[in-house]
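Just below is one structure, and these are the notes that go with it.
The values are calculated or read from the model by the stated rules, or taken from the named source; none is laboratory data. Model, not experiment: these values are computed from the prediction. Cβ atoms come from the backbone with ideal geometry, glycine included; neighbour counts cover every protein chain shown. The area values use the complete protein model at the heavy-atom level, side chains included, leaving out ligands, DNA and RNA. Shrake-Rupley method; radii C 1.70, N 1.55, O 1.52, S 1.80 Å.
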Amino acid sequence: MKIENYIDDKGHRSIIVVLLCALCASVVWAAIPSRPRRTQPKKTDDKRVYLIHADELFYEQWRNNDAQVLRGNVAFEHDGAKLFCDSANFFEQSNSFEAFGNVRMNQGDTLTLTSDYGYYDGNDQIMQALQNVVLKHRTTTLYTDSLFYDRLYSMGYYQEGGKMVDKGTTLVSDWGEYHADTKMAMFYYDVTMRDKNFMLTTDSLYYDTQSKQAHIIGPSDIVNGKSHIYSELGFYNTRTEEGILLNRSVLDNEGRVLTGDSLWYNGKTGISEAFRNMVFTDTINRNILTGNYGFYNDSTGYAMCTDSAMAIDFSQRDSLFMHADTFKVFTYHKETDSVYRVMHAYNKVRAYRIDVQAVCDSLVYNQKDSCMTLYRDPILWNQNQQLLGEEIRVYMKDSLIDHAHIVNQAFSTEKLREKEAYNQVSSTEMFAFFENGNMHEARAKDNVLVVYYPEDQADSSYVGMVSMQTTLLRMFMENKKMQRIWAPKSDGVMYPMSQIPPDKRFLQGFYWFDYVRPLSKEDIFVWRGKKPGTELKVSRKREPPKPH
């Protein structure tokens, strides 16, 4: 089924979902009857059942209840149908007969009904067949031990278990109904549908033998290779292995679970799509993608999520929540022991965890080296520490930050208790090292500028402000505070707290972006950009002139 033509501007197939909901609602019965009933009797001429042939015929009123006893090559004809058996009791007065042994009814050249016993009522045109019943109609064959066939409505039904075989597809149920005119079959109670590629189990199922489409109208499980689908409403085409599933259906593929208000699934290509309130859970790597549209290709391991998209990493006690316009996940070396994934998040990325928050324009996380790279004006917060630069590379260990690398225009800021007091370090490049999620050491190199407020160890008061310049600096933190710094050679001045020049309090390029920082997992959906004039301007390296 091609549905690409119905995609709206956002990439959703909402029109298809609405049409499918209406179509499903039109086929679901309000209640399952104990047996099919005729709503309005079809008009037919009052034709008699004719005896065509019998080797023997005799009549014993008291012994056979007014029946003509027929034996040997018995043949009847009624309204275009021919009926054959080894022997029969013919009730001419009621226009009916009982048939015994090799019972066969032929209707045209497309439908045949065989059994060991049969009772035919010519007035209602209903055939009741018992024992070893086989109904064949074109490519469809129905097996059961008890079957009623209504010729007026071209309908056969059983209530004590049966099996239908349609080419390579087999359906088994306790209660079933088959319409020869529409080629539609209905099955109820312990229904199993299978072919060489999949198996479907449910309690209620409609199956169109012409289009090979199964209509799911109750709790159903579909197993196709390594994929397991649960749905309560939808369609599944056994020929194309495509499924359109509604009502919060679930697709599970070896620990990767896709859920949505509606799903589209192709068993041949392994491609799945989810629409509205989509949730993609990777139970192996312990992360989740949510949004209003999701795409997953099982053969390549590629996944995509957009429209209110959010990524959640719950591998640690505190989950990391991340929002972006779009997430894409690529899988490399999928069928090997060296498999790894790379996730791309782009356009207005915001991330929140209790101990770490981040903002940037785009982000790439490489599972191979556990590196998360933040691009275009990135900011990273840890407690009262703020890190920013042209590019920030965060390296993870056991899903916790191990160290970070800030490339170009690196700036570290620590907010202090004192009003308008901040420890600041700017440099070309900077490294930050973490332990148990908290920064314990930072290193800066090349063009290092420092503003630092040392504390009195006795009463924790600030003794002054140090302004210095060096080529290399190491900063050591304890209890989330900067305790000491080390530099091999530096030029600097220490000002008493009461004599700090206003122009020395802040380094060039200092900004405290508390108004940008995500405050909760819900706040990641609210984009707040930097104020005009505070954006980071990317430094461009001067290139040597090209030779003429």
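Remarks
- Estimated translational D of the range 419-492 in µm²/s (Stokes, Kirkwood radius over Cα pairs; 10 °C; 1.306 mPa s): 124 µm²/s
- Cα Rg over Rh - the range 97-194, Kirkwood: 0.94
- Annotation: amide H of TYR189 within the under-5 Å range of SER204, sequence separation 5 or more or interchain, hydrogens built in the peptide plane.
- In terms of the mean number of neighbouring beta-carbon atoms within 10 Å, the peptides 414-421, 47-54, 455-462 order highest first as 47-54, 414-421, 455-462.
- Relative pair counts by distance (%), Cα atoms of the range 139-274, 5 Å bins: 2, 11, 22, 23, 18, 11, 7, 4, 2, 0, 0
- Shape parameters for the range 195-296, alpha-carbon atoms, Rg then Dmax in Å: 13.0, 43
- In the range 262-306, the trypsin sites (Lys or Arg not before Pro) that fall in loop regions by DSSP, at most 12 other Cβ within 10 Å: LYS268
- Modelled label positions at ASN197 and ASP145, each set 7 Å beyond Cα in the direction of Cβ, lie 3.5 nm from each other.
- For the range 58-100, the Kirkwood radius over C-alpha pairs fed into Stokes-Einstein at 20 °C and 1.002 mPa s yields D = 201 µm² per second.
- Relative contact order, whole percent, for the chain stands at 5, derived from Cα pairs under 8 Å and 6 or more residues apart.
- Accessible surface, per residue, of the range 217-332 when the full set of protein chains is kept, probe 1.4 Å, Å²: 37 Å²
- Between the range 166-192 and the range 326-357, the alpha-carbon center distance in angstrom: 45 Å
- Prolate/oblate/rounded label for the chain (Cα gyration tensor, a/c 1.5): prolate
- Convex hull volume of the Cα atoms of the range 325-458, normalised per residue: 129 Å³.
- Site pair TYR59 and GLN93 shows an inter-label distance of 1.1 nm when each label is modelled 7 Å from Cα along Cα→Cβ.
- At R0 = 30 Å, FRET efficiency that the Cβ-Cβ distance of GLU160 and TYR230 yields, to 0.05: 0.55
- In the structure shown, the pairs LYS481/LYS531; LYS445/LYS481; LYS415/LYS504 are assessed against 23 Å; a Cα-Cα span above that value is assigned to LYS481/LYS531.
- Annotation for GLU441 and PHE476: the two label points, set 7 Å from Cα along the Cα-Cβ direction, are 0.9 nm apart.
- Computed extension gain for TYR302 through LEU152, at 0.36 nm per residue and net of the alpha carbon distance, reaches 48.6 nm.
- Between LYS531 and GLN131, the contour length at 0.36 nm per residue exceeds the alpha carbon distance by 135.6 nm.
- For TYR293, distant residues with modelled amide H under 5 Å away: ARG276, MET278, THR306
- Solvent-accessible area per residue for the range 55-105 (1.4 angstrom probe, square angstrom): 55 Å²
- Accessible area of the chain belonging to carbon and sulfur atoms, whole % at 1.4 Å probe: 49 percent
- Qualifying chymotrypsin sites (Phe, Trp or Tyr not before Pro) in the range 477-511, where qualification requires a DSSP coil assignment and no more than 15 other C-beta atoms within 10 Å, comprise PHE506, PHE510.
- Sparsely packed trypsin sites (Lys or Arg not before Pro) within the range 313-368, loop by DSSP, other Cβ within 10 Å at most 12: ARG317, LYS368
- Full-extension gain in nm, LYS167 to ARG317, via 0.36 nm per residue minus C-alpha separation: 48.7 nm
- The eigenvalues of the Cα gyration tensor, multiplied by 5 and square-rooted, give the range 438-548 an equivalent ellipsoid with semi-axes of 29, 25, 16 Å from largest to smallest.
- Solvent exposure of the range 416-456, expressed per residue, is 43 Å² of accessible area, with all protein chains present and a 1.4 angstrom probe.
- Computed from Cα atoms, the angle from the helix 14-27 axis to the main principal axis of the chain rounds to 30 degrees.
- Prolate/oblate/rounded label for the range 270-373 (Cα gyration tensor, a/c 1.5): oblate
- Treating r as the C-beta distance of ARG71 and THR112 and R0 as 22 Å, the FRET efficiency rounds to 0.45.
- Placed amide H near SER94: partners under 5 Å, 5+ positions off or other chain: none
- Contact order, relative form, for the range 65-198: 13 percent (alpha carbon pairs under 8 Å, 6 or more residues apart, mean separation divided by residue count).
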